[in-house]
Amino acid sequence: MIVLNATLVAVTYMVLLERKVIAWAQSRLGPMRVGPYGILQPVADAVKLMIKEDITPVRADPWVFTAAPIISMVPALIVYAVIPFGPEVRLFGRQVTLYITDINVGLLYIVSVASVGVYGIILAGYASNSKYPLLASLRASAQLISYEVAVTLTLVSVIMMAGSLSMVSIVRAQQSTHLWYAFVQPVAFLIFFIGGLAETNRAPFDLPEAEQELTGGFHTEYSGMRFALFFLAEYANMIVVSSVATTLFLGGWLRPFPNVAFLGFLDVVPAWTWFLIKSFVFLYIFIWVRATLPRYRYDQLMRLGWKVLIPLAIANLVVTGIVKVLMV
Amino acid sequence: MAQAIAFYFIAACILGFAVLVISTKDTVHSVLFLVLDFLFVAALYVLLGAQFVAAIQVLVYAGGIVVLYLFVVMLVNLKRPPEAHQDPRRRTMLGFLLAAAVLVELGAIAVYGYGQPAPIVAPAAAMPVTGNTEQVGWLLYTSYLIPFEIASMLLLVAMIGAIVLAKREL
């Protein structure tokens with residue numbers, strides 16, 4: 001429950017952060033009116049979206065049209081069940097774990113739940129019964145399926161390093177190897193990052209939302225709170241990707257140089273703070289990339305996915321396997 | 001007790017959605033019920049303690065294969081009403097015959113199964129690894145190595161076949 005609420009608040013503030021950072025990148029001020037420096041803007045946005053009229057197009061498929069935003073939101077939220085924000089801590093004299101559950105197939109769970117999230121987009125485009133959303137949703141789902149392959153292959157190389165699918169064990173394995181996996185697996189890290197941008201439909205891979213070609217994307221026909229759900233799902237997915245990247249490649253809740261004794265004073269800072277800082281850096285890079293890079297063309301996007309990233313990920317996997325066998 | 005209730009609930013949902021898959025008029029709705037069906041099958045695996053198989057079920061079937069189904073359904077326009085069957089009575093007869101055959105088979109298996117004592121399950125203690133995923137991997141690479149390799153050969157052949165069919169000139 002706490003995680004859920006924290007996520008939703010984080011998501012709304014991500015929107016504000018994005019608007020602010022992009023404004024700064026373009027020498028503007030961004031939202032300034034609501035609250036000092038616009039920090040109450042998310043509240044105003046939320047109220048506006050909730051009281052807006054909720055329109056269902058006449059030609060739309062009403063059931064699927066209603067279900068689509070829910071289908072895209074739910075997977076984005078239930079993934080948080082296996083993300084470890086920190087190790088066990090003592091809180092008011094009780095032992096509390098900073099993750100909801102540590103299942104044996106944690107990483108696989110994330111991948112499979114994320115793959116269900118595609119339905120939200122496809123169905124939104126289909127149910128709107130209108131040509132631009134349909135084109136956008138076909139684009140989005142083709143993109144998601146293509147990049148999912150590369151991302152999953154990089155995850156396999158991380159699993160081979162850690163020898164476990166459990167998120168908590170992967171973090172502990174990084175502690176015992178004295179190195180974050182970002183340094184052991186730089187190629188996998190890079191592919192995961194690019195794939196993460198593509199899977200969350202972010203610039204420079206935001207083809208499904210290309211305004212010039214598609215008027216707005218698969219959610220063109222949506223309004224009010226249902227539109228807001230798609231928006232929330234996109235940002236919640238960004239947070240998921242950064243949390244997973246932090247856990248797998250940047251040592252999760254571990255402080256920098258976890259085994260160097262003279263940096264022990266850093267342990268004063270609670271472990272979850274490190275997790276939040278690392279995830280935040282990721283989110284900032286997401287926004288930064290959007291403000292900096294132009295959009296890809298669609299054939300370039302597909303070529304990058306299938307002809308560069310997937311072979312690279314497979315090669316990385318093979319090399320990881322060989323090195324692992326040779327070192328044992 | 002709770003497990004029995006969960007089992008019957010999940011089983012009822014699986015059967016219910018399976019009926020809806022074949023009875024709805026709209027093809028996209030039918031595909032969606034298929035997804036729900038797969039998700040409940042995954043829930044059944046979790047109930048049996050096979051989390052690994054459940055995750056794979058969701059990943060491969062619900063997340064992968066049905067997305068492709070949906071693509072195909074959306075690309076070939078199925079909005080027009082289905083054409084009438086040329087000889088509906090003959091097909092109905094064939095359907096009933098097949099259904100009866102399956103029913104007899106299932107009945108025979110059930111009767112035979114009740115007569116026999118339950119087969120002795122290999123003790124899990126024989127495996128040197130613990131954990132769901134590890135055990136599945138261990139079994140695949142020891143007891144079931146040959147079937148596993150044959151299955152992967154089959155998939156490889158299917159993949160090559162698809163490429164050859166799709167690309168006339170190589």
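Bear in mind that the values in this text are calculations on the coordinates, not laboratory data. Just so it is clear, the structure is predicted and the values come from calculations on it, not from any experiment. We place every Cβ from the backbone using ideal geometry, glycine too, and count neighbours over all the protein chains shown.
Which net charge results when you count Lys and Arg as +1 and Asp and Glu as -1 among the other residues whose beta-carbon is under 13 Å from that of A:Ser169?
Within the 13 Å Cβ shell, the charges total -1.
Going by how many other Cβ atoms sit within 10 Å of their own, how do B:Trp138, A:Trp274, A:Trp288 line up, fewest first?
Details: B:Trp138 16, A:Trp274 22, A:Trp288 13.
In increasing order of surrounding Cβ atoms, one gets A:Trp288, B:Trp138, A:Trp274.
Sum up the charges of everything whose Cβ sits under 12 Å from the Cβ of A:Ile22, counting Lys and Arg as +1 and Asp and Glu as -1, but leave A:Ile22 out.
It works out to a net charge of +3.
Between the helical axis of A:224-249 and the dominant principal axis of chain A, each derived from Cα atoms, what acute angle in degrees is found, rounded to the nearest 10?
It works out to around 20 degrees.
Taking just the C-alpha trace of the range B:128-170, give me its Rg and Dmax in Å.
Expressed in Å, the Cα Rg and Dmax of the range B:128-170 come to 15.9, 50.
Relative contact order for chain A: what is it in percent, counting Cα pairs under 8 Å that are at least 6 residues apart?
On the way: 452 pairs, mean separation 75.3, N = 328.
About 23 percent, as a whole number.
For the protein assembly as shown, with the dipole built from +1 on Lys and Arg beta-carbon atoms and -1 on Asp and Glu ones, taken about the Cα centre, which of A:Gln300, A:Tyr119, B:Ala158 lies farthest toward the positive end?
A:Gln300
Determine how many Å³ per residue the convex hull of the Cα atoms of the protein assembly as shown encloses.
Values: hull volume 114.6 nm³, N = 498.
Residue-normalised Cα hull volume stands at 230 Å³.
Which one, B:Ile10, A:Ser223, A:Gly196, is farthest towards the positive end of the dipole of the protein assembly as shown when Lys and Arg carry +1 and Asp and Glu -1 on their Cβ?
A:Ser223
Rank by packing, highest mean first: peptides A:41-52, A:124-135, B:42-53, with packing defined as the count of other Cβ atoms within 10 Å averaged across residues.
Highest to lowest by the protection proxy: A:124-135, B:42-53, A:41-52.
B:Ile146 to B:Glu105: FRET efficiency via 1/(1 + (r/R0)^6), r the Cβ-Cβ distance, R0 22 Å, to the nearest 0.05?
0.20
Take the residue pairs A:Lys20/A:Lys307; A:Lys52/A:Lys131; A:Lys48/A:Lys278 and return only those whose Cα atoms are more than 29 Å apart.
Long pairs (Cα-Cα over 29 Å): A:Lys20/A:Lys307; A:Lys48/A:Lys278.
Arrange the following residues from fewest to most other Cβ atoms within 10 Å of their Cβ: B:Ser23, A:Ser27, A:Ser72. Don't skip to the end; give the middle numbers.
Working: B:Ser23 9, A:Ser27 6, A:Ser72 27.
Going from sparsest to densest Cβ surroundings: A:Ser27, B:Ser23, A:Ser72.
Just going by the charge dipole of the protein assembly as shown, with Lys and Arg at +1 and Asp and Glu at -1 on Cβ, which of A:Leu29, A:Ser176, A:Asn104 is farthest out on the positive end?
A:Leu29
Using +1 on the beta carbon of Lys and Arg, -1 on that of Asp and Glu, and nothing else charged, what's the dipole of the protein assembly as shown about the Cα centre, debye to 20?
Rounded to the nearest 20 debye, it is 720 debye.
For the range B:99-107, in order, what is each residue's ³J(HN,Hα) by Karplus, 6.51 cos²θ - 1.76 cosθ + 1.60 with θ = phi - 60°, in whole Hz (x at glycine and Pro)?
4, 4, 4, 4, 4, 4, 4, 4, x
To test your reading of the geometry: what angle, between 0 and 90 degrees and rounded to tens, separates the Cα axis of helix A:186-199 from the longest principal axis of chain A?
It works out to around 20 degrees.
From the phi angles alone, apply the Karplus equation (6.51, -1.76, 1.60; θ = phi - 60°) to the range A:62-78 and give each ³J(HN,Hα) in whole Hz, x where the residue is Gly or Pro.
Ordered by residue, 3J(HN,Hα) equals x, 5, 5, 4, 6, 6, 4, x, 5, 4, 7, 7, 4, x, 4, 8, 6 Hz.
Work out the length of the dipole vector of the range A:38-179 about its Cα centre, built from +1 on the beta-carbon of each Lys and Arg and -1 on the beta-carbon of each Asp and Glu, and round it to the nearest 20 debye.
100
If I fit a long axis through the Cα atoms of helix A:310-327 and take the longest principal axis of the Cα atoms of chain A, what angle between them do I get, 0 to 90°, rounded to 10?
Roughly 10 degrees between the two axes.
Neighbouring Cβ atoms within 10 Å as the yardstick, rank A:Thr12, B:Thr92 fewest first.
Listed from fewest to most nearby Cβ atoms, that is B:Thr92, A:Thr12.
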